[in-house]
Amino acid sequence: MSKSHGAFYKNTVWQYGLQIVKYLLPLITLPYLTRVLEPDGYAFYAYVVSFMTFAQVFIDFGFNLSGTKRIAKAHSVDEENQVVGAVTEARLVLCVLAGFAIMTIASFLPITKGNLHYVFLAFVAVCGKGLVPDFLFQGHEDMGPITTRFFVSKSMSTIFTFVFVHSMDDIMWIPVLDIVSNGVALACSFAAAKKKFGTTIRLVSLHSALSELKTSGLYCFSNMAASVFTGFTTLLIGVVVTDTVQIGYWSLSMTAVTAVQALYSPIVNSLYPHMVNTGDYRFVRNLSLLAVPVVLIGTVTFCCLSKLIMLLLGGESYLAGSWVLVWVSPLLFFSFFGMLFGWPVLGAVGKVADVTRSTVLSAVFCIAALLSVSLAGIADLRVICVIRCVTEAILFGLRSWYALPVLKEEKTISD
């Protein structure tokens with residue numbers, strides 16, 4: 001093991017700690033919420049969570065990628081503070097714009113228009129989460145403080161969920177607790193950043209904030225297109241699938257898929273700043289070869305345990321929907337390598353256009369296919385599962401093709 005990769009391994013461990021906390025605590029409350037909210041209430045809750053994915057990606061605006069890269073290449077604390085200030089101001093502007101859009105759209109969607117107060121509070125929680133400067137810690141390859149603050153804040157909301165939420169009548173407590181939790185996380189993050197890096201939010205001109213938006217625009221466009229894979233699919237299901245139980249099956253299945261994909265994120269998130277700093281793509285090539293059997297075995301295992309997973313997450317009332325997990329399981333294999341060859345490889349060498357192109361082409365296929373089957377009247381869950389998997393396969397294929405010349409390079413860093 002090369003000592004030169006020490007920062008990557010350390011950061012990956014902290015990232016896994018973060019992901020464990022991030023998904024273990026919600027999984028503790030998930031079986032509870034599926035029961036106390038019952039299928040109809042849980043379908044609404046899960047739908048709003050998916051709906052907020054669009055807002056989260058928009059508010060982030062690619063800053064967790066462009067900001068990470070700028071911090072990694074910054075030469076002084078003053079330069080870092082200017083980046084943090086510009087990103088924070090830009091995100092506040094985006095929160096206002098996204099708020100108007102989200103509430104307008106929600107007022108027309110059948111599943112949300114009857115409870116706009118919940119949607120608004122859920123959006124406020126998303127804004128609090130979006131303002132956390134994760135990119136700063138990513139750029140320093142030091143995710144320890146982020147993991148610690150998330151554990152503290154999310155533990156609070158988890159405990160109080162059991163205290164305050166006992167039925168559908170108490171559902172408003174869920175976004176309120178998220179707002180408090182994200183507020184604590186925001187405060188803890190900036191306190192840790194000041195202590196470790198001397199970070200302060202330096203106010204910048206509106207022009208500088210807008211310039212930051214322009215810099216991150218391509219990153220954002222790519223991420224917004226990527227959110228189509230889950231967000232647009234979920235929105236369409238809410239329109240064409242009238243059975244709320246079926247919506248619940250899909251939402252719970254995608255929760256399980258997302259939990260597995262969370263195991264990929266620590267590697268991808270740690271590899272991106274590491275490749276920006278080192279450019280050791282032989283390391284990435286070796287890592288991807290080692291991952292093939294591991295990801296393949298994991299995908300097959302996920303498929304085989306579909307009934308048990310559905311039973312544990314949702315209870316017996318969701319057991320009949322375990323087939324959805326089987327049908328979407330192939331995307332777990334494709335998504336790992338699509339993520340690995342995306343920002344950590346193509347993005348780190350400046351091929352942002354290739355990352356975006358692969359994402360957009362996949363998204364276009366996804367939208368066209370979903371709209372086509374909807375217009376043809378055949379948009380049931382099985383067809384949607386197939387489209388979702390094929391979309392991920394296309395993304396994987398395109399990024400593999402674009403990344404091949406980079407992965408062939410023999411550049412390495414000294415041990």
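Here are the numbers for the structure shown:
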read-out	value
The chain: most fluctuating residue of 168, 143, 310 per GNM, C-alpha cutoff 10 Å	168
Sequence of 195, 154 once ranked by neighbouring C-beta atoms within 10 Å, starting from the fewest	195, 154
Linear extension gain, residue 79 paired with residue 375, 0.36 nm per residue minus alpha-carbon span	101.3 nm
For residue 160, net neighbour charge (Lys/Arg +1, Asp/Glu -1) across residues whose Cβ lies under 14 Å away	-1
Net charge, residue 33 excluded, C-beta distance under 14 Å - Lys, Arg +1, Asp, Glu -1	-4
Cα-projected label distance for residue 196 with residue 166, points at 7 Å along beta-carbon direction, nm	4.1
C-alpha center-to-center spacing [the stretch 111-171, the stretch 50-70] in angstrom	15
Helix-only CD estimate at 222 nm, as mean residue ellipticity for the chain, using -39500 (n - 2.57) per DSSP H run (n ≥ 4)	-26500 deg cm²/dmol
Anisotropy class of the stretch 133-258 from Cα gyration tensor, a/c 1.5 cut	oblate
Mean Cα-pair separation over length for the stretch 3-407, i.e. relative contact order, pairs under 8 Å, 6 or more apart, %	24
Under 27 Å from residue 10, Cα to Cα: lysines that are on another chain or at least 8 residues apart	22, 69, 73, 129, 154, 194, 195, 196, 351, 408, 411
FRET efficiency for residue 117 and residue 312, using Cβ-Cβ distance with R0 set to 25 Å, rounded to 0.05	0.20
Under the span-like rule (Cα at least 18 Å along the axis, Kyte-Doolittle mean at least -1.0), DSSP H helices of the chain	6-36, 38-60, 77-106, 116-130, 144-164, 173-197, 206-226, 244-261, 265-278, 281-304, 352-375, 381-407
The chain: most fluctuating residue of 150, 197, 123 per GNM, C-alpha cutoff 10 Å	197
Which of 65, 186, 361 has the fewest Cβ neighbours within 10 Å, and the rest in rising order	361, 186, 65
Ellipsoid semi-axes in whole angstrom, largest first, where each is sqrt(5λ) of the Cα gyration tensor of the stretch 3-407	32, 26, 21
Order of 80, 316 under a 10 Å beta carbon neighbour criterion, fewest first	316, 80
Distance between the stretch 244-296 and the stretch 305-364 - C-alpha centres, whole angstrom	8
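Read-outs throughout are calculated quantities, based only on the coordinates presented, and are distinct from any laboratory measurement. Quantities reported herein were computed from a predicted structural model and do not represent experimental measurements. Cβ: placed from backbone, ideal geometry, glycine included. Neighbour counts: every protein chain shown.
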